[in-house]
Amino acid sequence: MRDRRKAPWGPVTTVAALCGAQVLTMLGTFAFPALLPRFVASWGLSHTEAGWVSGAYFAGYTLAVPVLASLTDRLDGRRVYLGGAAVAAGAAAGFALLAQGFWTALGLRALAGVGLAGTFIPGLKALVDRLPPQAQPRAVSWYTAAFGLGTSASFWAAGAVAEAWGWRWVFGVGAGGAALGLVLAARALPPRPIAPSGAPALRLLNFRPVFANREAMGYILAYAAHTWELFAFRSWVVAFLVASQTLGPPPGGGAWAPTTVAAVTGLAALWASVGGGEAAQRLGRRRVLTAIMGASAVAACGLGAAASLSYPVVAALCVGYALLVQGDSAALHMGTVAAADPARRGLTLALQSLLGFGAASVGPLAVGAVLDATGGGETVASWTWGFATMGAGVALGPLFLWWTRPLGGRVFKTTRNR
């Protein structure tokens, strides 16, 4: 009789299926940022309030992820993933039916963030647990890169569906996508009991051993710098592109819509993440991460200042900037997984997400507050300061990597077999 706990597919198909499930569950993730100018106008939101709503998604993630990711050291990550997908579907459906203004949007977006907390990192842990060691590095790279594809699909679907049927249907589609992702993940990840180790049970939220892991903490703190920039950019890119259409020459009738440009940045980010992960495998993670994050900090400061250029140029610059913003993602996750104690891998990933998405929840709010304080996003100078806020965050990444480098060894060393 066939063992029902055995994976129904090989490693490649399993990774592809879980990446597909992730994209489906993320269809509603960036629906609010994609339609942000519309909500600002119809609900009378300030840029700071819009930043609060965007940040609430990641605040919900931050509050939930320590518990949900840590649970994967005690029980099968599949169970956590399926529960998270159900929450994501319910939150999106709730937004479609109930959202009326700032406060309802704030609460429902925070609940949606809990759904992401139950799928993204628990899905990564569940996937790694089911693959042979030699398949894990590239699986981590592709799985984290699929986040960019999910981002692209979310922005594209929001623009297309809102244009055809209105914004409430955007979140309805997000709810349906999360439900389909749940079904696909249930098929790709057969139940897998956690084997008893014979060691005393680990305390659920005891992060002290992770804090003591110097190498893992370097990647965790650098990841927080990365997410500050990434989600601030994702939250404000559509609003920036809309503003550039008024600050620069008229875009013309054939120009891509801002939501389409945002979707393209997500596609570009997917390949950038995979490419960055491959480069890190060959050239050394710290070396590659330092180069990418440093270049991204410089590019952020220049992008805001380019707001008055022609719209096609600004759109192209956003796509180029997205390559840098996402180019470090897979390498950061790979570094954290490799440096983690296998018995505490879920706990280590939980701390990475706690600090990372804590930064992600503050980044959009910080940019919104800076925009309000410097002209309300209606001038080039205002957007220059806004993007400089993103760049200042990611610039800390190389410093964290240097500060937590392995003592007594070379700062930049190849980690191909780690």
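The values are calculated or read from the model by the stated rules, or taken from the named source; none is laboratory data. Predicted model, so just to flag it, every value in this text is computed and none were measured. Accessible surface is based on the protein model in full, side chains and every heavy atom, while ligands, DNA and RNA are left aside. Shrake-Rupley method; radii C 1.70, N 1.55, O 1.52, S 1.80 Å.
Assorted remarks:
- Distance from segment 369-401 to segment 294-326 (C-alpha centre basis), Å: 13
- Computed 3J(HN,Hα) for segment 286-291, one whole-Hz value per residue from the Karplus formula 6.51 cos²θ - 1.76 cosθ + 1.60 where θ = phi - 60°, is 5, 5, 5, 5, 4, 5, glycine and proline marked x.
- Projection of the Cα convex hull of segment 272-327, averaged over all directions and equal to a quarter of that hull's surface, yields 3.6 nm².
- Per-residue ³J(HN,Hα) for segment 336-352, Karplus 6.51 cos²θ - 1.76 cosθ + 1.60, θ = phi - 60°, Hz, x for Gly and Pro: 5, 4, 5, 7, 6, 5, x, 6, 10, 5, x, 5, 5, 5, 5, 5, 4
- Reported to the nearest whole Å, the Cα centre-to-centre distance from segment 351-367 to segment 204-235 is 10.
- Length gained when the stretch Leu283-Ala212 is fully extended (0.36 nm per residue, less Cα-Cα span): 22.9 nm
- Cα-only radius of gyration and Dmax that characterise segment 1-133, units Å: 17.1, 62
- Cα Rg, Dmax (largest Cα-Cα span) when computed across segment 106-167, Å: 15.4, 46
- Heavy-atom accessible area, probed at 1.4 angstrom with all protein chains present, ranks Cys318, Cys19 as Cys19, Cys318, highest first.
- Each residue of segment 221-231 was assigned a 3J(HN,Hα) from its phi angle through the Karplus curve 6.51 cos²θ - 1.76 cosθ + 1.60 (θ = phi - 60°); the sequence is 5, 5, 5, 4, 5, 5, 6, 3, 5, 4, 7 Hz, with glycine and proline shown as x.
- With contacts taken as Cα pairs under 8 Å at a separation of at least 6 residues, segment 220-338 carries a relative contact order of 43 percent.
- Cα centroid separation, segment 267-286 to segment 91-142: 22 Å.
- Rolling a 1.4 Å probe over the heavy atoms of the protein chains gives segment 28-122 an accessible area of 32 Å² per residue.
- Normalised by residue number, the volume inside the convex hull of the Cα atoms of segment 284-418 is 108 Å³ per residue.
- From its DSSP helices (H runs of at least four residues, each -39,500 (n - 2.57)), the chain gives a residue-normalised ellipticity at 222 nm of -26000 deg cm²/dmol.
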